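First the structure, in the form of structure tokens, and then the observations on it.
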Amino acid sequence: MTAATLPFAEPTGRLNPLTGLRNTFTLTWRSVLKIRTNMEDLVGLSLQPIMFLLLFTYVFGGAIAGGTHAYLQYSLPGLLVMTVVFATLGTGLMLNQDITGGVFDRFRSLPIARSAPLGGAVLGDMVRYMISVAITLGFAMILGFRVETNPVSAIAGCLLLLFFALCMCWVSALIGMLVKTPQGVQMYGFLAMFPLVFGSNLLVPATTMPGWLQSFVKVNPMTDLTSAERGLLTGGPVGTAALHSVLWALAIFAVFAPLAVRAYRRRT
Amino acid sequence: MTNAIEASGLVKRFGKTTALAGVDLVARPGTVLGVLGPNGAGKTTAVRILATLLRPDGGQARVCGYDVGRQAYQVRQLIGLTGQYASVDEGLSGINNLIMIGRLLGQSRRGARARASELLERFDLTEAAQRPVKTYSGGMRRRLDLAASLVGNPRVLYLDEPTTGLDPRSRTDVWAMVRGLVTGGVTVLLTTQYLDEADQLADDIVVIDHGKLIATGTPDELKDRSGGQVLEVEPASRAWLDRTAAVLASRTGVKPAADTESGLVRVPVPNASVLPIIIRDLDEAGVDLAEFTLRKASLDEVFLGLTGAPAPGQGSDDGPAGYDRPQHDDEIRELERSPR
């Protein structure tokens, strides 16, 4: 059987939404496969959280909290937040590589839903976030971290993280669309995320910070997310912080997803 | 019968650069249309418009009767595209690249896998099937890219410089593949820098330069048009080169090209009837001949005559200088890609 002997199919009129959804899942499958094939990505995904955990627990723990175990209990929820936020950079990176490498040209010459490459990339990245959360939490437990609430709260904590990452990755997607090279994505991504991650109560309580910084910490969405995670994993108030995190995530999504989609339409 | 490709008056600008300044293209079903031109002539831009990747600023284009702008979804079901730069996913294995495309085209899991294996076999990639594409050589990547464009059994296939950078054997393989597809009824639009490639494969040729169409016709018509035949004279001694050139100039009205290196004087001749007169004149001028040949003009000479440039990749030492624009294509690509 060769292409030459097959009859040509007549084109059909419209793309049906179900086909579009299937296109998205095919490209999700592709993103997930790429995690497996791409060793650097896999190593980065797993080693980075392990390195952060070891560094913060043993280098800073004693000085900050007077003991490594106490500090691990305090910092782990924050480290989880940090890990998924940094992991969202991967979304922009991959989209940018697809555009600069010409893969998107191939996609666009195919009769598929225009949104599928973007949707597939974002959904596929959910798997990456799950991997980073699982590794961080698992390794922390080896180091002695204990969930002080209950399994249901812990699972809720993980889901909240994933939801937040799903919304946050649109910031990264926008950067990926606007910047010319993958290196550029990395640089602008870190420039945007470092102040957010470290200008919060993620690793230390805000009480020792100067007043102006405390005001920033208070409005920083990372602070709400970290407080919610602390409540869900190690006990304490959850309600307001969790509600604020969800609202923040939705707000970020509402602003950045349309911007990213618009940039995507222009660029592809 | 509807033409497979029909474009008229295509215009595309990128900022101040005009990539296409009104180009017409027609490809009859089941034939190869060769698009020839130097770097930066606008070949890739034309292909990208016909492949629905770019919107033209003017003119219109139809593929099998479907408008590339308003009926892009239909056009995409008919075409296969192999770009100048291999657009396959570096992070996936060869076989998964092809399965992915098959699945995107609505093939079943099993069907996509079977089609992928078949294509890998056909392009001699079976052994490398499971390896990530980033470990492939340039030639392998290009073959995979070709395979990727055939997954959907396209009716119209765009090959944008498909053999650039391939070794001679792979080139011949690609040619054989193109011939096989055309026999099966596929229409191929082929852009190329290699004149022998166009000569070998194309039923019709269009030559574009600076975004403008400068000639169309069959390879034979084009060769006939540029003087038809070429007379090559090699005097027995290099000392007679000037004298030989003078004789040829007086009888043909064209200043001949004298190549001191090979000792050849070359000039287009309108018909063979001047040959006896030229031989007599040379004899009277005291020029002994080592060689006296009349042959059909090669496409290289056609190209030179039409664009005022030597064919790219054929060595530019003996052609007019200042025509090398290697940056231009990249520049246009950059403009096409950059966010606005």
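The values are calculated or read from the model by the stated rules, or taken from the named source; none is laboratory data. Every value quoted in this text rests on a predicted model; they were computed, and no experiment measured them. Reconstructed Cβ throughout: ideal geometry from the backbone, glycine too, with neighbour counts over all protein chains shown.
Every residue, every condition in (1) over 24 Å from A:ARG30 (Cα atoms); (2) modelled with pLDDT of 90 or more; (3) within 16 Å of the chain's Cα centre (by Cα), yes or no:
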| position | (1), (2), (3) |
| --- | --- |
| B:THR17 | yes, no, no |
| B:VAL26 | yes, yes, yes |
| B:VAL35 | yes, yes, yes |
| B:THR45 | yes, yes, yes |
| B:ALA51 | no, yes, no |
| B:TYR73 | no, yes, no |
| B:MET100 | no, yes, no |
| B:SER108 | no, yes, no |
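Is it the case that the stretch B:169-189 has a residue that's modelled with pLDDT of 90 or more, assigned to a loop (DSSP other than H, G, I, E, B) and in contact with a Pro (Cβ under 8 Å, 6 or more places away or on another chain)? Scanning the stretch B:169-189 turns up at least one residue that is modelled with pLDDT of 90 or more, assigned to a loop (DSSP other than H, G, I, E, B) and in contact with a Pro (Cβ under 8 Å, 6 or more places away or on another chain).
So if I check each of A:SER132, A:SER153, which one is away from chain B (no Cβ under 14 Å) and crowded, with 22+ Cβ neighbours inside 10 Å?
Answer to the selection: A:SER132.
Taking into account only those residues within the stretch B:52-82 that are within 9 Å of another protein chain (Cβ to nearest Cβ) and assigned to a loop (DSSP other than H, G, I, E, B), which is surrounded by the fewest Cβ atoms within 10 Å (Cβ to Cβ)? Applying the filter and picking the extreme gives B:GLN71. Scanning the stretch A:86-120 for residues that are among the hydroxyl-bearing types (Ser, Thr, Tyr), part of a helix (DSSP H, G or I) and within 13 Å of chain B (Cβ to nearest Cβ) yields a count of 1. Taking every residue in the stretch A:251-268 that is within 15 Å of A:ALA165 (Cβ to Cβ) and pairing it with any residue that is surrounded by 17 or more Cβ atoms within 10 Å (Cβ to Cβ) and among the β-branched types (Val, Ile, Thr), at least 6 positions away or on another chain, the pairs with Cβ-Cβ distances below 6 Å are A:PHE256/A:VAL171. Applying the criterion of at least 3 residues that are within 14 Å of chain B (Cβ to nearest Cβ) and over 19 Å from A:GLY138 (Cβ atoms) to the helices (runs of 4 or more DSSP H) found wholly in the stretch A:10-85 leaves A:17-37. Does B:TYR85 satisfy being at pLDDT below 95, part of a helix (DSSP H, G or I) and at the interface with another protein chain (Cβ under 9 Å from one of its Cβ atoms)? Taking the combined requirement at face value, the residue does not satisfy it.
Looking across B:ARG62, B:ARG48, B:ARG109, one residue alone is out of contact with any Asp or Glu (no Cβ under 9 Å at 6 or more places or on another chain) and in the same structural domain as B:ARG171 (by TED's automatic domain parsing). It is B:ARG109.
Show the residue pairs that are 6+ apart or on different chains and have beta-carbon atoms under 6 Å apart, the first residue being within the stretch B:194-205 and in the same structural domain as B:ASP160 (by TED's automatic domain parsing), the second being of a type outside the set (S, T, N, Q) and in a loop (DSSP other than H, G, I, E, B). As it stands, the answer is B:LEU195/B:ALA311, since those pairs meet every condition given. Reported count of residues in the stretch B:260-314, each being among the charged types (D, E, K, R), at pLDDT 85 or above and out of contact with any Asp or Glu (no Cβ under 9 Å at 6 or more places or on another chain), is 5. Could you list, in sequence order, all residues of the stretch B:94-132 that are within 11 Å of chain A (Cβ to nearest Cβ), aliphatic (A, V, I, L, M) and not in a helix (DSSP H, G or I)? Within the stretch B:94-132, B:LEU105 is the sole residue that qualifies.
With respect to the conditions (1) touching a Leu at 6+ places or on another chain (Cβ under 8 Å); (2) among the hydrophobic types (A, V, I, L, M, F, W, C); (3) not in a helix (DSSP H, G or I), A:VAL204 lacks only one, and its number is (1).
Conditions (1) among the acidic types (Asp, Glu); (2) surrounded by fewer than 16 Cβ atoms within 10 Å (Cβ to Cβ), marked per residue:
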{"site": "B:LEU166", "(1), (2)": "no, no"}
{"site": "B:GLU197", "(1), (2)": "yes, no"}
{"site": "B:ALA202", "(1), (2)": "no, no"}
{"site": "B:THR218", "(1), (2)": "no, yes"}
{"site": "B:LEU231", "(1), (2)": "no, no"}
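Screening A:LEU42 against (1) over 14 Å from the mean Cα position of the chain (by Cα); (2) at pLDDT 80 or above; (3) closer than 30 Å to B:LEU92 by Cβ leaves a single unmet condition, (2).
Within the stretch B:2-43, the set of residues being surrounded by fewer than 24 Cβ atoms within 10 Å (Cβ to Cβ) and within 23 Å of A:ARG267 (Cα to Cα) comprises B:VAL11, B:ARG13, B:PHE14, B:GLY15, B:LYS16, B:THR17, B:THR18, B:GLY40.
When the stretch B:133-152 is filtered for residues that are within 11 Å of chain A (Cβ to nearest Cβ) and without any contact (Cβ under 8 Å) to a residue 12 or more places away in the chain, only B:THR135 remains.
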